[in-house]
């Protein structure tokens, strides 16, 4: 049987800037402050920022690399097989003028070109995609961050490495990247429960719908937090009611929250009621998770 | 000298295609013989790497210049190394005929 205490929660949204990191960092803080062993994984690997809110000691940095082909032009016969095998147009070849070039940005590291080459002209080299940094915040809390290198096209391999490094048998909070494309999918796929953070605006609703549709296809359990309530209109509320989606929490549009957040201060540290609200929400989520564990 | 022009269709009255890698057709025009060739772009719908694949296609026709609305980041160094000049025509209402007229004057 699955231990209901061992829960992985992804915090996601379609729209950017709705408050994913606000929720992830404050929930993380509230959990470890109240005696729960917790790991926060910042999966927004293109611009990780959860670490800003915590003092912690960096105890591990793991480089994330990918194999790309290296072509020995002297051995190459310009037969074009490697280009033919490549599904990503990552090998540029002009046989008449004897030009062959690897487009490293397009390479997925599948290794098909190595199999294609009968001349032994292709070997592999490592290209650095980014790093995974692991911080010890205190004896109960660990923060793992994926950080993609500048100019790297996809953060997905770095997110995968961060999730692997953050693997634990206790509570895991995953701060997901915005959108509903590959980086989002990679983050939520391992989650037991997904918290979608939105705002009551047309843009918030439009992207919430996309996230909901994606999570339903993935067969994920989820609930919604409405941040900045009081602005916009009631369309998000009507949508949640019509679709029978749980509203976990509402956070008012409040200058104090924005002000503290922009100074890198955790609201849950200043306001005990925030801790209580987030822990109560956590208990609701745990109860869902426990009931789904018993059903299995 | 041969020049490639990105085109939305396969006639002289077609408009320039503003995209390079995913244009509908390449028009290869020979300034000496005034011969023209229309090549449907097989890379129009590829998932990734339309730019380099299209460079490979037109470079294999021995062209020295490409005329298009814009060029992506990945192909600029590639075209530099092949000594192929990029010419940007920002006016989307120009026809292939008009562009060729410009080349001939």
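The values are calculated or read from the model by the stated rules, or taken from the named source; none is laboratory data. The shown structure was predicted, so the numbers you read here are calculated from the model rather than taken from an experiment. When we count neighbours, we look across all protein chains shown, and the Cβ atoms used for this are built from the backbone with ideal geometry, even at glycine.
Structure summary
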| quantity | calculated |
| --- | --- |
| Search result, residues across segment A:101-117 that are farther than 15 Å from residue A:66 by Cα and either surrounded by fewer than 16 Cβ atoms within 10 Å (Cβ to Cβ) or within 12 Å of chain B (Cβ to nearest Cβ) (or both) | A:101, A:115 |
| Filter pass, residue B:76 being within 13 Å of chain A (Cβ to nearest Cβ), without any contact (Cβ under 8 Å) to a residue 24 or more places away in the chain and out of contact with any helix residue (DSSP H, G or I) (no Cβ under 9 Å at 6 or more places or on another chain) | yes |
| Single match in A:265, A:217 (criterion: farther than 18 Å from residue A:17 by Cα and either in the same structural domain as residue A:14 (by TED's automatic domain parsing) or modelled with pLDDT under 95 (or both)) | A:217 |
| Matching residues, segment A:187-209, being over 17 Å from the mean Cα position of the chain (by Cα) and either in a helix (DSSP H, G or I) or surrounded by fewer than 17 Cβ atoms within 10 Å (Cβ to Cβ) (or both) | A:202, A:203, A:204, A:205, A:206, A:209 |
| Hits in segment B:54-73 - residues which are part of a loop (DSSP other than H, G, I, E, B), within 12 Å of another protein chain (Cβ to nearest Cβ) and within 15 Å of residue B:18 (Cβ to Cβ) | B:72 |
| Top-ranked residue of segment B:36-50 - restricted to ones that are out of contact with any helix residue (DSSP H, G or I) (no Cβ under 9 Å at 6 or more places or on another chain) and within 14 Å of chain A (Cβ to nearest Cβ), ranked as surrounded by the most Cβ atoms within 10 Å (Cβ to Cβ) | B:50 |
| All positions within segment B:79-96 that are touching a strand residue (DSSP E or B) at 6+ places or on another chain (Cβ under 7 Å) and either away from chain A (no Cβ under 14 Å) or more than 30 Å from residue A:100 (Cα to Cα) (or both) | B:85, B:86, B:87, B:88, B:89, B:92, B:93, B:94, B:95, B:96 |
| Single unsatisfied condition, residue A:17 versus (1) modelled with pLDDT under 95; (2) in contact with a helix residue (DSSP H, G or I) (Cβ under 7 Å, 6 or more places away or on another chain); (3) more than 15 Å from residue A:193 (Cβ to Cβ) | (2) |
| Conditions (1) out of contact with any strand residue (DSSP E or B) (no Cβ under 8 Å at 6 or more places or on another chain); (2) modelled with pLDDT under 95; (3) more than 10 Å from every other protein chain (Cβ to nearest Cβ); number of the one not met by residue A:89 | (3) |
| From the options A:225, A:265, residue that is within 21 Å of the chain's Cα centre (by Cα) and outside any helix (DSSP H, G or I) | A:225 |
| Check on residue A:73, touching a residue at least 12 places away in the same chain (Cβ under 8 Å), within 14 Å of chain B (Cβ to nearest Cβ) and surrounded by fewer than 19 Cβ atoms within 10 Å (Cβ to Cβ) | yes |
| Tally, over segment A:70-105, of residues that are under 27 Å from residue A:163 (Cβ atoms) and outside any loop (DSSP other than H, G, I, E, B) | 2 |
| Answer residue from segment A:81-96, given it is touching a helix residue (DSSP H, G or I) at 6+ places or on another chain (Cβ under 8 Å) and loosely packed, with under 15 Cβ neighbours inside 10 Å and is nearest to residue A:154 (Cα to Cα) among those | A:87 |
| Flag for residue A:63 being away from chain B (no Cβ under 14 Å), in contact with a strand residue (DSSP E or B) (Cβ under 9 Å, 6 or more places away or on another chain) and over 24 Å from residue A:179 (Cβ atoms) | yes |
| Counted residues, segment B:81-96 - those being closer than 19 Å to residue A:89 by Cα and assigned to a helix (DSSP H, G or I) | 1 |
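Here's the yes/no breakdown for (1) in a loop (DSSP other than H, G, I, E, B); (2) within 13 Å of chain A (Cβ to nearest Cβ); (3) within 27 Å of residue A:96 (Cβ to Cβ):
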residue	(1), (2), (3)
B:4	no, no, yes
B:28	no, no, yes
B:34	yes, no, yes
B:52	no, yes, yes
B:98	no, no, no
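Yes or no, residue by residue, for (1) in the same structural domain as residue A:284 (by TED's automatic domain parsing); (2) in contact (Cβ under 8 Å) with a residue 24 or more places away in the chain; (3) in contact with a helix residue (DSSP H, G or I) (Cβ under 7 Å, 6 or more places away or on another chain); (4) more than 20 Å from residue A:63 (Cα to Cα):
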| position | (1), (2), (3), (4) |
| --- | --- |
| A:111 | no, yes, no, yes |
| A:119 | no, yes, no, yes |
| A:122 | no, yes, yes, yes |
| A:135 | no, yes, yes, no |
| A:189 | yes, yes, no, yes |
